[in-house]
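Chemist: Sharing a structure, written as structure tokens. Questions coming.
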Amino acid sequence: MIIELYLDANATSAVLPAAAAAANATMQDCFGNPSSSHAAGLRAKALLDATRAAARRVLGAARGRVMFTSGATEGIQTAVLSALCAVRERRLRGISCGDLLLVGATEHKAVPESLAHWNRLLGTGLELRTLPVDADGRHRLDLLRELAPRAAFVCTMAANNETGIVSDLDGIAAVLRDTASPALWMVDCVQALGKLPLALDRTRIDYAPFSGHKLYAPKGIGMLYVREDAPYTPLMCGGGQEGGQRSGTENMAGIAALGAVLGALEAGGTFRSHAGLLACRDRLAAALRQAFPDLVWNAPLAHALPTTLNFSVPGRSSKELLDLFDAAGVRVSAGSACSAAKTAPSHVLDAMGVPPARSAAAVRMSFGPLVDDAFVDAACARILDCGRALTAASAPAGLQQLEDGGASGWLLFDPAGRECIAIDPPLALAPRIAADLRARSCRLTACFDTSPGAGGADALGELMAVAPGWPGRPTAAGAPESIALGQDLLVRNGNAFLLGRTDGAGLPGHAVRFVFGVMPHEALIAATVLCCHRMGEPAVSRPGADALPEDGMHLDAAAAHALLEANPDALLVDVREPPEHAAGAARLRGRAAQHVPLSQLAGQAAAWLDGAARPLVFVCRSGNRSARAARLLRGLGHAQAWHVSGGLALAG
Ligand code: PLP
């Protein structure tokens, strides 16, 4: 079992052992309610007070309110509610206090969403305006200078969670001061704690939310600082805890754990210094550059937290890179954790003017200040392994499926992987295909469309770069009647292309194994696999085969293992892409898997459907691709296709 290297600290962190111990001790021994007047309550109250005192010292906030919350999202709500209630009240009294809610373009979604929500709910009627950032991700102070006199509330962050870009808070404060802005000011300090010096008393900041789980405390505990004379409206009312500022019995286990982290920050010796963190980041950055020579940084390292790297690798999607890192046991994320499930471009990188393709392909690597040299050594070695896996990944053989936006294209390779025919290649993938073929020294011998506008004709321009031997025009009409590929022959029939083993003279009907495009019925036999390019239709199908139901297709790891044990002829198939396989072979309870990437499954399916179909259990990283593989086989009429739901991530 490969040891996991967690490099996603901006999403959340592990819990510091001392913090876990403090939480546990609190739950076991110091479980009193701090509002109770008996000894158990007094002990809990003492812990609460001591933690608050430590927080004040660490935040440099001897004055003002420091209260415990459930996390930064609650702190943000409270700050927004407080500011908007104050603005509403001032306006009712006829005091001019601005008409804009100014929010930094790269804020965490919790900020603009809360502003819009409370502005609507309170009927404040302020205009929500985005404060743009420059190409380095820093706030446009020139625009702030223009808008500050009209700003009722300004929200900026101390450091960005996706890029690590550190804001120029002194510059913002100076603009607010110089323009005599009436604005209240919130600074989201979530990513700053433990990584940047804080002296809140000495700033103009009115509200500063923090979150424990970004710095080795558990999830569900946070802090909110409110400047001494800043307006305040409680978000939660009830028993009057936290001096009536935030009702609800305190999360004492969380507070104790946060207290242990604050204690470690104060005492020193646990967390690495700024310079130490920079040295770690430099080493990781060097390993990344070596592993992926084309890599581009999406944010200037000079302005970023010493714990965050954000990059893209041209021609590689973030999903592809994440899958690769995950296979190597390196946990990183695409943009922010909240949007990692979607492959949408990052709003942060978009705001910085990063081109959409690069923004959608961004990868964030982040670590916490507990990092040590052994961890960095191991991470650098794994990063280099990933780079090697990407370049050394085995050449595709046979038939490879290309997918883009629901449509499919196909690449046919000769057995040696030196010659390739492209059918309906999606335009968007053309640069990638061209680069892959070039890297493999593979010659493109032909490129066809099965119907007008299928993509191949447009993609041709890109592909021509690697197709010096191009035989004819790109459309079906102009294509040659047949092209040999190893022992196979590709034969044109109207707008369709038939592929099968040649008998030397031609392609007999019974030898046709694959059909691309719409095929006249007489040429179809049951063993033929139809490869379609159209959106909304199954990419792969078989004439006359009834798609089998998906019921029972999903097996957990234990059930998959039992099925494989009970059926000696059953095959475990890893459907991850070649670089992932190269970075870490898939095993299920010690059993090795045969590797057939999802993109090559259609080619392999024909062989699996021949004769007595053997049971197939597909596995991948998370269960998505393996479910598609099982579905594809069932769609072709294979009754014994299953997959491991939850994938290798849950297989233990
Ligand atoms: N602000 C920033 C900059 C963050 O990174 C996060 C968490 O991702 C939040 C706010 C929300 O914090 P929490 O999860 O504590 O509500």
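Chemist: Could you please give the count of residues in the range 632-652 that are at positive phi and assigned to a loop (DSSP other than H, G, I, E, B)?
Modeler: Going residue by residue through the range 632-652, those that are at positive phi are 637, 646-647, 652.
Of the ones still in play, those that are also assigned to a loop (DSSP other than H, G, I, E, B) are 637, 646, 652.
Residues flagged as at positive phi and assigned to a loop (DSSP other than H, G, I, E, B) within the range 632-652 amount to 3.
Chemist: In addition: Tell me, yes or no, whether the range 294-303 has at least one residue that is at pLDDT below 95 and either within 29 Å of Glu403 (Cβ to Cβ) or small (Gly, Ala, Ser) (or both). Don't jump to the end; show me each part of the working.
Modeler: Residues of the range 294-303 at pLDDT below 95: 294.
Then drop every residue that is not either within 29 Å of Glu403 (Cβ to Cβ) or small (Gly, Ala, Ser) (or both), which leaves 294.
There is at least one residue in the range 294-303 that is at pLDDT below 95 and either within 29 Å of Glu403 (Cβ to Cβ) or small (Gly, Ala, Ser) (or both).
Chemist: Return the only residue of Asp170, Asp178, Asp229, Asp201 being within 16 Å of Ser82 (Cα to Cα) and more than 31 Å from the chain's Cα centre (by Cα).
Modeler: Values: Asp170 fails: within 16 Å of Ser82 (Cα to Cα); Asp178 fails: within 16 Å of Ser82 (Cα to Cα); Asp201 fails: within 16 Å of Ser82 (Cα to Cα).
Exactly one of Asp170, Asp178, Asp229, Asp201 is within 16 Å of Ser82 (Cα to Cα) and more than 31 Å from the chain's Cα centre (by Cα), namely Asp229.
Chemist: What are the residues in the range 80-107 that are surrounded by fewer than 16 Cβ atoms within 10 Å (Cβ to Cβ), modelled with pLDDT under 95 and part of a helix (DSSP H, G or I), if any?
Modeler: Scanning the range 80-107 gives a single hit, Leu92.
Chemist: Next question. For the range 334-361, which residues satisfy the criterion of being small (Gly, Ala, Ser), modelled with pLDDT under 95 and assigned to a helix (DSSP H, G or I)?
Modeler: Of the residues in the range 334-361, the ones small (Gly, Ala, Ser) are 334-337, 339-341, 344, 346, 351, 353, 357, 359-361.
Retained after the next criterion (residues that are modelled with pLDDT under 95): 334-337, 339-341, 344, 346, 357, 359-361.
Across the range 334-361, the qualifying residues are Ala337, Ser339, Ala357, Ser359, Ala360.
Chemist: Give me the pairs, please: first residue somewhere in the range 49-76 and at negative phi, second residue anywhere and away from the ligand (no atom under 16 Å from the Cβ) and hydroxyl-bearing (Ser, Thr, Tyr), beta-carbon distance under 8 Å, and either six or more positions apart or on two chains.
Modeler: Close Cβ pairs satisfying both conditions: Arg65/Tyr232; Phe68/Thr51.
Chemist: Same structure, new question: Taking the range 113-147 only, how many residues are away from the ligand (no atom under 14 Å from the Cβ), part of a helix (DSSP H, G or I) and touching a Leu at 6+ places or on another chain (Cβ under 7 Å)? Even if it seems obvious, please write down each step before you answer.
Modeler: If we filter the range 113-147 for residues that are away from the ligand (no atom under 14 Å from the Cβ), which is where we start, we get 116-136, 138-147.
Checking the rest, the ones that are also part of a helix (DSSP H, G or I) come to 116-121, 141-147.
Going one step further and asking which of them are touching a Leu at 6+ places or on another chain (Cβ under 7 Å), we end up with 116, 118-119, 143-144, 147.
Total satisfying the criteria: 6.
Chemist: Limited to the range 275-299, what total is found for residues that are open to solvent by 40 Å² or more (accessible area, probe 1.4 Å) and not aromatic (Phe, Trp, Tyr)? Please lay out each step first, then the result.
Modeler: Restricting attention to the range 275-299, the residues satisfying the condition of being open to solvent by 40 Å² or more (accessible area, probe 1.4 Å) are 275, 278-279, 282-283, 286, 289-290, 293-294, 296-297.
Then drop every residue that is not not aromatic (Phe, Trp, Tyr), which leaves 275, 278-279, 282-283, 286, 289-290, 293-294, 296.
Qualifying residue count, the range 275-299: 11.
Chemist: Picking from Leu548, Leu571, which residue would you name as being in contact with a Pro (Cβ under 9 Å, 6 or more places away or on another chain) and closer than 30 Å to Ala511 by Cα?
Modeler: Working: Leu548 fails: in contact with a Pro (Cβ under 9 Å, 6 or more places away or on another chain).
Exactly one residue qualifies, and that residue is Leu571.
Chemist: I've got another one for you. Among the residues of the range 67-75, are any open to solvent by 10 Å² or more (accessible area, probe 1.4 Å) and more than 16 Å from the ligand (Cβ to nearest atom)?
Modeler: no
Chemist: From the set of residues in the range 562-579 that are in a helix (DSSP H, G or I) and either in the same structural domain as Asp436 (by TED's automatic domain parsing) or in contact (Cβ under 8 Å) with a residue 12 or more places away in the chain (or both), which is least open to solvent (accessible area, probe 1.4 Å)?
Modeler: Within the range 562-579, the subset in a helix (DSSP H, G or I) is 562-566, 578-579.
Still in the running and either in the same structural domain as Asp436 (by TED's automatic domain parsing) or in contact (Cβ under 8 Å) with a residue 12 or more places away in the chain (or both): 563-564, 578-579.
Working: Leu563: 30, Leu564: 3, Pro578: 18, Pro579: 19 Å².
That would be Leu564.
Chemist: Let me ask something additional. Within the range 164-211, work out how many residues are in a helix (DSSP H, G or I) and within 27 Å of Thr12 (Cβ to Cβ). Full working, then the answer.
Modeler: At the first step, the residues of the range 164-211 found to be in a helix (DSSP H, G or I) are 169-178, 200-202.
If we keep only those that are within 27 Å of Thr12 (Cβ to Cβ) too, we end up with 169, 200.
Summing the residues that are in a helix (DSSP H, G or I) and within 27 Å of Thr12 (Cβ to Cβ) in the range 164-211 gives 2.
Chemist: Take the conditions touching an Asp or Glu at 6+ places or on another chain (Cβ under 8 Å) and either farther than 22 Å from Ser317 by Cβ or surrounded by fewer than 19 Cβ atoms within 10 Å (Cβ to Cβ) (or both) and apply them to Gly646. Does it pass?
Modeler: Yes, satisfied.
Chemist: Oh, and also: All but one of (1) out of contact with any Lys or Arg (no Cβ under 6 Å at 6 or more places or on another chain); (2) surrounded by 19 or more Cβ atoms within 10 Å (Cβ to Cβ); (3) not in a helix (DSSP H, G or I) hold for Gly500; state the number of the condition that does not hold.
Modeler: The failed condition is (1).
Chemist: So Ala110 fits all but one of (1) in contact with a Leu (Cβ under 6 Å, 6 or more places away or on another chain); (2) closer than 26 Å to Ala362 by Cβ; (3) open to solvent by 10 Å² or more (accessible area, probe 1.4 Å); what number is the exception?
Modeler: Single failed check for Ala110: (1).
Chemist: Condition first: over 21 Å from Gly329 (Cβ atoms) and either touching a residue at least 40 places away in the same chain (Cβ under 8 Å) or crowded, with 21+ Cβ neighbours inside 10 Å (or both). Now tell me which residues in the range 580-597 satisfy that. Quick ask: steps written out before the conclusion?
Modeler: Restricting attention to the range 580-597, the residues satisfying the condition of being over 21 Å from Gly329 (Cβ atoms) are 594, 596.
Matches in the range 580-597: Val596 only.
Chemist: Of everything in the range 362-381, what is open to solvent by 10 Å² or more (accessible area, probe 1.4 Å) and touching a Lys or Arg at 6+ places or on another chain (Cβ under 7 Å)? Give them in sequence order.
Modeler: Val371, Cys380
Here's the yes/no breakdown for (1) more than 14 Å from the ligand (Cβ to nearest atom); (2) open to solvent by less than 40 Å² (accessible area, probe 1.4 Å); (3) polar (S, T, N, Q):
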site	(1), (2), (3)
Leu200	yes, yes, no
Ala208	no, yes, no
Met223	no, yes, no
Asn251	no, no, yes
Leu262	yes, yes, no
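Chemist: Can you tell me which residue is farthest from the ligand (Cβ to nearest atom) among those in the range 225-239 that are open to solvent by less than 30 Å² (accessible area, probe 1.4 Å) and touching a strand residue (DSSP E or B) at 6+ places or on another chain (Cβ under 6 Å)?
Modeler: So, considering only residues that are open to solvent by less than 30 Å² (accessible area, probe 1.4 Å) and touching a strand residue (DSSP E or B) at 6+ places or on another chain (Cβ under 6 Å), the one farthest from the ligand (Cβ to nearest atom) is Val226.
Chemist: May I pose another question? If Ala559 passes every condition in (1) touching a residue at least 12 places away in the same chain (Cβ under 8 Å); (2) surrounded by 13 or more Cβ atoms within 10 Å (Cβ to Cβ) but one, which one does it miss?
Modeler: Of the numbered conditions (1) touching a residue at least 12 places away in the same chain (Cβ under 8 Å); (2) surrounded by 13 or more Cβ atoms within 10 Å (Cβ to Cβ), the odd one out for Ala559 is (1).
The values are calculated or read from the model by the stated rules, or taken from the named source; none is laboratory data. What you see is a predicted model, and the numbers here were worked out from it, not measured in a lab. Cβ sites come from the backbone with ideal geometry, for glycine too, and all protein chains shown count toward neighbours. With ligands, DNA and RNA removed, areas are computed over all heavy atoms of the protein, side chains included. Shrake-Rupley method; radii C 1.70, N 1.55, O 1.52, S 1.80 Å.
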